[in-house]
Number of protein chains: 2
Amino acid sequence: MKVIIVGGVAGGATAAARIRRLNEHAEITVFERSGYISYANCGLPYYIGDVITDPEELTLQTPESFFKRFRINMKIHHEVISIHPERKTVSVKNLENGEIFEENYDKLILSPGAKPTQPRLPGVGIDKLFTLRTVEDTFRIKEYINKNHPKSAVLAGGGFIGLELAENLRELGMDVTIVQRPKQLMNPFDPDMASMIHNEMRKHGIKLVLGYTVEGFKGKDNGVEILLKDNPSLQADMVVLAIGVTPDTALAKEAGLELGIKGSIVVNDRMETSVPDIYAAGDAVQVKHYVTGDDALISLAGPANKQGRIIADNICGGDSRYLGSQGSSVIKVFDMTAATTGINETNAKKSGLEVDTVILSPMSHAGYYPGGKVMTMKVVFEKETYRLLGAQIIGYEGVDKRIDVLATAIHAGLKATQLKDLDLAYAPPYSSAKDPVNMAGFMIDNIAKGTLKQWHLEDMDKISKDQNVVLLDVRTVGEFNRGHMDGFNNIPVDELRERINEIEKGKPVYLICQSGLRSYIASRILEGNGYETYNFSGGFRFYDAVVNDRALIERAYACGMDYKK
Amino acid sequence: MKVIIVGGVAGGATAAARIRRLNEHAEITVFERSGYISYANCGLPYYIGDVITDPEELTLQTPESFFKRFRINMKIHHEVISIHPERKTVSVKNLENGEIFEENYDKLILSPGAKPTQPRLPGVGIDKLFTLRTVEDTFRIKEYINKNHPKSAVLAGGGFIGLELAENLRELGMDVTIVQRPKQLMNPFDPDMASMIHNEMRKHGIKLVLGYTVEGFKGKDNGVEILLKDNPSLQADMVVLAIGVTPDTALAKEAGLELGIKGSIVVNDRMETSVPDIYAAGDAVQVKHYVTGDDALISLAGPANKQGRIIADNICGGDSRYLGSQGSSVIKVFDMTAATTGINETNAKKSGLEVDTVILSPMSHAGYYPGGKVMTMKVVFEKETYRLLGAQIIGYEGVDKRIDVLATAIHAGLKATQLKDLDLAYAPPYSSAKDPVNMAGFMIDNIAKGTLKQWHLEDMDKISKDQNVVLLDVRTVGEFNRGHMDGFNNIPVDELRERINEIEKGKPVYLICQSGLRSYIASRILEGNGYETYNFSGGFRFYDAVVNDRALIERAYACGMDYKK
């Protein structure tokens, strides 16, 4: 059996190694356009920031080491330029000498990945304008920095790469600005949760220019001018375009393979393309979203590796299936960790689902043990069925743990109410006897049982104008005086029973406290006394963070250059 | 409705607060024998070690704060001395003035907890001999240390409390010895995994005297003499008995409630005892093991809290069910973390299950990102069905995360092979594209598909005597020379194809490398060339740790006082 693989990074390298493990006698050749195979794609920004200092760390394997161990021919600087499915061959160009040759295959695996989206704007392509995808890109940026000592950078785009790069450039001491049209960074998160990320970025001196449209770039002697629509330009010593990636599928298209979203390669659950004996994996393929069942593009390393393994199984006579991608991801944002799995509220609603959410602020571990930190957790579930749809967590330690627990619960098809039953490991340095995930489950169980009714940020406008509701903040007087929502009265929860007559009967009571715990207790006291109550999910802590962030975004937008302050 | 609760810590306090939230008008009284309610049981050793410095941190709530918020009467220093189910009352003794009174209930909740097991040995009860269960015990030990500055301590018993106390006393600069009859600490772990814990304890200067029987204690002017069977005595300035806990159920027994294992209270899944209107929660009750379905005693805070909540629901007209305890737990052992969930191999075999295991040594996060640490993971599953039964992990960062993912997978009833499909969050600081849990799944999937056959530690004796097998170590020559198993030949994996003729055909080949990865590749090369192969689960790294530990235990045993060195 002769196998040809296009692309030697995540999916391609995994498939190659596993095919060898399953078939000692297969002939396996990998063509990789760049000079590197099996490299640590996700580590590249950290090399720029000197967190990873040895460039050899970035390349986990070399063609030589791969051949030695697996007898796989890793042909770097070789680009497959066309596929001929009818005669089962590919045309390959040796990029070092320009030679073109044809190579036949029994099985072909496409793992070409995705390429940075290049906007069609004036000035794209000028010097000092970079993208970051390959090891070569990384060395190029690193070399530019080492040589020219840029003091400032503008990053166009605030997704994973944009944020990781922002942090790493900032840690090098640079002045960093992120500019983009959407008013939130990291769109896997809901806008309210993204506020926590914005606040952390600002805290570390990153300038956020959100809601601005880049119209082009101009090279200058002393850097680059970034042209904004209806606004003064930005200036920087260098620019990195990080507005997203596009499946790199010109080859697949030309060969007549069925394509999907953004030109991605359509595959079935065996990772077979529409053309016999051609498989595809990684960022170039269209997957089923595990939660919605919709077609999706999910560019993550975990799925790519799993898909590579599945292809190897199937090529070697097995029958392995890819069940879909759930979008579990995590990112370090300076001191914080932001993580998500499944779908967010925004996308759930776009998919036509009727959803509810809980927002809570549990501690990473027992409060009495030193070092515990608050995290903000949002869990999204379907109304009526209580199907668990997704979760987002932003905080410090323990965030990645809870997102993986929730990812596992989603994968296993647990209901949101079942989170209360999970038997998780507790000791004071690691968790609480009621783990944050259990707490989310308790809240959702209370909703299911009618013990908890909530109100959310988007209800604020309506209720603040409604004369027939009571707005009540049950924090202490001190907390209330340090900041509260307009229109809210203050009765501390511990005085509520004595002062219950101050609350008008017959009107629904909208409650808030700092985190949502005390207001829940208050709501139960009031319900027990004949009131109808609604509890604010997330508490004032959450409200305040979101509202401050929104004000900062709008102020920057309103004042033109003021965002640079 | 009038509710009486016996015991105001985990289960009792949780039930009390939730009953209030569900019923604003219930009359709720809690009788707590000690002087503290709702205290941080699991934090007590850390107060002794000055990790938690403020004694108020240990007591999350006071009777006053509880009353203020919940209108619950928390009667401390009140002991319920008998239950009269026929007239639905309890007799209560006020421990401060000796007064006894009777109080009626509509619903009674027993949450008496467990007490430290006191061995019937000469000298138990003398001065300088402590147990650690309550806040009072904690203050007693702390005061003794502050006053007398003991230089040495012997801890009888090496479970959770014994280990946490050992660490905390050691951090205070004391000379600490753990003595016990079983030859392993922490019996939720299999003996092989416990070796990792032993090695960490020794590394931090804890003396382990395992396999010795304590026969009694003698008070001395300068401390305590600990008498050992057939061996010289140990000496120490203080002794803590931490040999386990026993359900504190004299009250329940006298009232005629059905009792189970070790006198624990039998309850159904609604947490109802055998007597109407009496419920029970926490360390005093017998639970179903979630994995085996067997009756079990599992003294952990998480289950106690969940059970308290369930009782409250049921008392207030709901129908909540406790699904059983899974035994998920985690402990900090100096720099290490040791965690477990489900059942271990030893107990699985005792339950008559046919099991297999995989042992792996993955990194906590991507190897190319600084700070990654190796963990040792053992996953236990049922042969034939591949039902996931349990997992144990010992390592540094990321251990608690993986155990909770595995706990969730077990709770959800996933098969061990399905671990490969979990979509977990990856970024270099947090994990690898193939998360350790996925890696375990890949290995088990390989076993299921016949691609991986294993051999284990317990096969060592048999194969080392068998002339008809080939024993092959595929590490580098340097690694091999630094230490290897007797009888093994060395061919590095990358030379295996060229030197395959050196391996006798027709004999099964037993392989080992450092972690199990290279030997798996070697096994696939050999199988592809017509050999029958078996891979050592855990690698030389694991073998070496276990064998060294066992030698140290035996040497101590053989040399009498030599264990003090």
**Report entry** Amide H contacts under 5 Å for A:H365, placed H, 5+ residues apart
**Finding:** A:K373
Query - Phi to ³J(HN,Hα) by Karplus 6.51 cos²θ - 1.76 cosθ + 1.60 over the stretch A:249-259, Hz, x for Gly, Pro - result: 10, 3, 4, 5, 5, 5, 7, x, 6, 5, 10
Report summary line: Loop-resident GluC sites (Glu not before Pro) in the stretch A:395-501 with no more than 14 other Cβ atoms inside 10 Å, DSSP not H/G/I/E/B, are A:E498
Query - In the stretch B:1-108, trypsin sites (Lys or Arg not before Pro) in a DSSP loop with at most 12 other beta-carbon atoms within 10 Å - result: B:R87
Query - Calculated FRET value between A:K68 and B:T213, using beta carbons and R₀ = 60 Å, to 0.05 - result: 0.65
Query raised in the report: Nm distances between the label at B:T385 and the same-position labels in the remaining copies, 7 Å along Cα→Cβ, shortest first?
Result: 2.8
Query raised in the report: Between copies, how close do the A:E258 label points come, placed 7 Å along Cα→Cβ, listed in nm from shortest?
Result: 5.9
**Report entry** 4 °C / 1.567 mPa s Stokes-Einstein diffusion coefficient of the stretch A:335-448, Kirkwood radius on C-alpha pairs, µm²/s
**Finding:** 93 µm²/s
Report summary line: Percent antiparallel among DSSP beta bridges confined to the protein assembly as shown, nearest 5, equals 55 percent
Query - Gyration tensor verdict on the protein assembly as shown (Cα atoms; rounded if a/c is under 1.5, prolate if a/b is larger than b/c, oblate otherwise) - result: oblate
Query raised in the report: Where both residues lie in chain B, what percent of DSSP beta bridges are antiparallel, nearest 5?
Result: 55 percent
Report task. Express the relative contact order of the stretch A:129-243 as a whole percentage, based on alpha carbon pairs under 8 Å and six or more residues apart in sequence. Result -> 33 percent
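Ignore the peptide's own chain and count Cβ atoms of other chains within 10 Å of each Cβ in A:411-423; give me the average, rounded. Could the numbers behind the result be given before it?
Numbers: counts 10, 9, 3, 4, 0, 0, 0, 4, 2, 4, 10, 10, 21.
The mean count of partner-chain Cβ atoms within 10 Å per residue comes to 6.
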Requested in this report: Work out, step by step, the length gained on full extension between A:E27 and A:I500: first 0.36 nm times the residue separation, then minus their alpha carbon distance; give nm to one decimal.
Outcome: 162.3 nm
Query raised in the report: Using 7 Å Cα-to-Cβ label points, what is the A:E532/B:H149 separation (nm, one decimal)?
Result: 7.0 nm
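For the stretch B:235-332, which GluC sites (Glu not before Pro) pass both filters: DSSP loop (anything but H, G, I, E, B) and at most 10 other C-beta atoms within 10 Å?
Counting only loop positions with at most 10 other Cβ atoms within 10 Å, none of the GluC sites (Glu not before Pro) in the stretch B:235-332 qualifies.
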Report summary line: Charge tally for neighbours of B:Y368 with beta carbon under 10 Å away, counting Lys, Arg as +1 and Asp, Glu as -1, is -3
Query raised in the report: Taking a ≥ b ≥ c as the square roots of the eigenvalues of the Cα gyration tensor of the stretch A:220-296, is the shape rounded (a/c under 1.5), prolate (a/b larger than b/c) or oblate?
Result: prolate
Query raised in the report: Hey, what did the stretch B:335-448 get for relative contact order, percent, Cα under 8 Å, at least 6 apart?
Result: 29 percent
Query - Debye-sum result for the stretch A:454-538 in log10 I(q)/I(0), which assumes one identical scatterer on each alpha carbon, at q = 0.14, 0.15, 0.18 Å⁻¹ - result: -0.40, -0.46, -0.68
Report summary line: Listed by chain and number, the residues whose amide H is under 5 Å from that of B:E215, excluding neighbours fewer than 5 places away on the same chain and using placed H, are B:L227, B:L228, B:K229
Report summary line: Amide H neighbours of B:W455 at under 5 Å, excluding residues fewer than 5 places away on the same chain, with H built from the backbone geometry, are B:N535, B:F536, B:S537
Report summary line: Applying the span-like rule to chain B (DSSP H, Cα extent along axis at least 27 Å, Kyte-Doolittle mean at least -0.5) gives B:539-558
Query raised in the report: Can you list, shortest first and in nm, the gaps between the label point of B:D221 and those of its counterparts in the other copies, using a point 7 Å from Cα in the C-beta direction?
Result: 9.2
Report summary line: With the label point 7 Å along the Cα-to-beta-carbon line of B:S351 and a cut-off under 17 Å to each amide N, the hits in the stretch B:189-226 are B:189-191
Requested in this report: Report the antiparallel proportion of the DSSP beta bridges in the stretch B:129-243 as a percent, rounded to a multiple of 5.
Outcome: 40 percent
Query - Computed over the stretch A:129-243, Cα set: Rg, Dmax in Å - result: 13.5, 41
Query raised in the report: Which lysines have a Cα less than 26 Å from the Cα of A:K2, not counting those fewer than 8 places away in the same chain?
Result: A:K68, A:K75, A:K88, A:K93, A:K107, A:K253, A:K306, B:K449
Query - Cα gyration tensor category, rounded, prolate or oblate, for chain B with a/c compared to 1.5 - result: prolate
Report summary line: Expected integer from the mean partner chain Cβ neighbour count at 10 Å over A:395-407 is 5
Query - Sum of side-chain charges, A:K229 neighbourhood, beta-carbon under 11 Å (Lys, Arg +1; Asp, Glu -1) - result: -1
Query raised in the report: How high is the relative contact order of chain B, in percent, with contacts defined as C-alpha pairs under 8 Å that are six or more residues apart?
Result: 11 percent
Report summary line: Between B:V477 and A:K462, the FRET efficiency computed from the C-beta separation at R0 = 60 Å comes out, to the nearest 0.05, as 0.20
Query raised in the report: Where a Cα-Cα gap under 19 Å defines reach, which lysines qualify for B:K507, not counting those fewer than 8 residues away within the same chain?
Result: B:K453, B:K462, B:K465
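Laboratory data are not the source of any read-out in this text; all were calculated from the coordinates shown. Computed from a prediction, not measured in an experiment: that's the story for all the values here. Cβ sites come from the backbone with ideal geometry, for glycine too, and all protein chains shown count toward neighbours.
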